1. What does the convex hull of the Cα atoms of segment 27-93 come to per residue, in Å³, rounded to a whole number?
2. Given the -39500 (n - 2.57) contribution per DSSP H run of 4+ residues, what per-residue ellipticity at 222 nm results for the chain, rounded to the nearest 500 deg cm²/dmol?
3. Which residues in segment 140-155 have a backbone N closer than 16 Å to a point placed 7 Å from the Cα of residue 116 along the Cα-to-Cβ line?
4. Of all alpha-carbon pairs in segment 159-258, indicate the percentage at a distance above 23 angstrom.
5. For the chain, what percent of Cα pairs sit more than 32 Å apart?
6. Just to confirm the number: angle between the C-alpha axis of helix 233-242 and the first principal axis of the chain, 0 to 90 degrees, nearest 10?
7. What list do you get for 83, 240 if you sort them by fewest beta carbons within 10 Å?
8. Using the number of other C-beta atoms within 10 angstrom as an exposure proxy, rank 65, 16, 208 with the fewest first.
Ligand SMILES: Nc1ncnc2c1ncn2[C@@H]1O[C@H](COP(=O)(O)OP(=O)(O)OP(=O)(O)O)[C@@H](O)[C@H]1O
Ligand SMILES: [Mg+2]
């Protein structure tokens, strides 16, 4: 199923009050691939993934999931489909350990009681299945983890629930070189396991290291969706800053300027 569209957005519009942020955006996420979503500050990347995850209602647009039209009216709809988002600020609870964080808000167990042993096992298995070896114990409080390890826990939390699509909003922004590589490696492995992965990043080296495709938002418009191997970093930077690069991009990017 690798390369099959798992999530297809068409004609997405979103505004906040009188301000239009997304203009008829089309965006496709494919199973087994990493799609980088790039664009300048304020281009609408976070808004788009929040629409996908049901956090912001779309003003217009259609969503197809695994080929079927679906309605994502809220985060629960998204979660039911297996769409998970990892925010830049992570929303982990510092004082809790890894297991507690991974199940936060979704504790399972008979009668609402937590089965600690089962949760601990699931947390350990998920980390192991992702090839995470740098976390010694799942009972470590998150406050004692490095930035990269926290990011790993947040990603593991997102894939704990049979996810099909994971959206990562700048997961490496605050990380050093070695930790960035660990997280990118994990991102790649998620795709290799068949998930559709969306990676928002401002770092072209990261994007070119791990993404199969690149989608460029320019002032709320989708300027280009291209295969990584068919473009250069210079072209992508031009698309980001000007909405156009040679034959690629918006026909008249100047009209996008308000
Ligand atoms: N909740 C909100 N209310 C009003 N305006 C918003 C809201 N969220 C985002 N915006 C506006 O929408 C535009 C796009 O913001 P968004 O956060 O999607 O950009 P981004 O591409 O993720 O940028 P960055 O790279 O800086 O994270 C910005 O002009 C921002 O001010
Ligand atoms: Mg953002």
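1. It comes to 117 Å³ per residue, whole-number rounded.
2. -9500 deg cm²/dmol
3. Under 16 Å, as judged by backbone N against the label point of residue 116, lie 140-141 of segment 140-155.
4. 33 percent
5. Counting pairs separated by more than 32 Å, the tail of P(r) holds 22 percent.
6. In the chain, helix 233-242 runs at an angle near 70 degrees to the longest axis.
7. Sorted ascending by nearby Cβ count, the order is 240, 83.
8. Neighbour counts put them in this order, fewest first: 16, 208, 65.
Any read-out appearing in this document is the output of simple, stated calculations on the displayed coordinates, not a laboratory observation. Bear in mind the structure is a predicted one, so any value in this text is a computation, not a measurement. So basically every Cβ, Gly included, is an ideal-geometry build from the backbone, and we count neighbours across all protein chains shown.
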